[in-house]
Amino acid sequence: MKFIVAQIGSRRGYAVPAVLERAGMLERFYTDMTGDFAFGRFFSAVRTQPFLAQSARRLMGRRLPHHIRAKTTTFPYLRLMHAVRHVTIKHNPAATFR
């Protein structure tokens, strides 16, 4: 039996896909962005920029276990679009609610 895991964020250090991979049951793992894989590696490096500091520090903590990297697909642009939208509607309560 094989499983596909899709999750936003690291959720206990990516414990579910890691355990499934150790058991030989992980087919694929999909996540938004990690600090050490693909596009997230660049953003975790800009942690010194004042406007990105907090987000970049959190992103740096999101590290994939090495044994699940080959089965991982990330979707960083979805996370980036969400962040841009959050910044642009920050002062508009109706848009934030929507």
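Laboratory data are not the source of any read-out in this text; all were calculated from the coordinates shown. Everything quoted here is computed from the prediction, not taken from an experiment. When we count neighbours, we look across all protein chains shown, and the Cβ atoms used for this are built from the backbone with ideal geometry, even at glycine.
Summary of computed values
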read-out	value
5 angstrom amide H check on Tyr30, placed H, neighbours 5+ away	Val5, Ala6, Gln7, Thr73
Estimated distance in nm for a label pair at Arg12 and Phe75, the labels positioned 7 Å out from Cα along Cα-to-Cβ	2.4
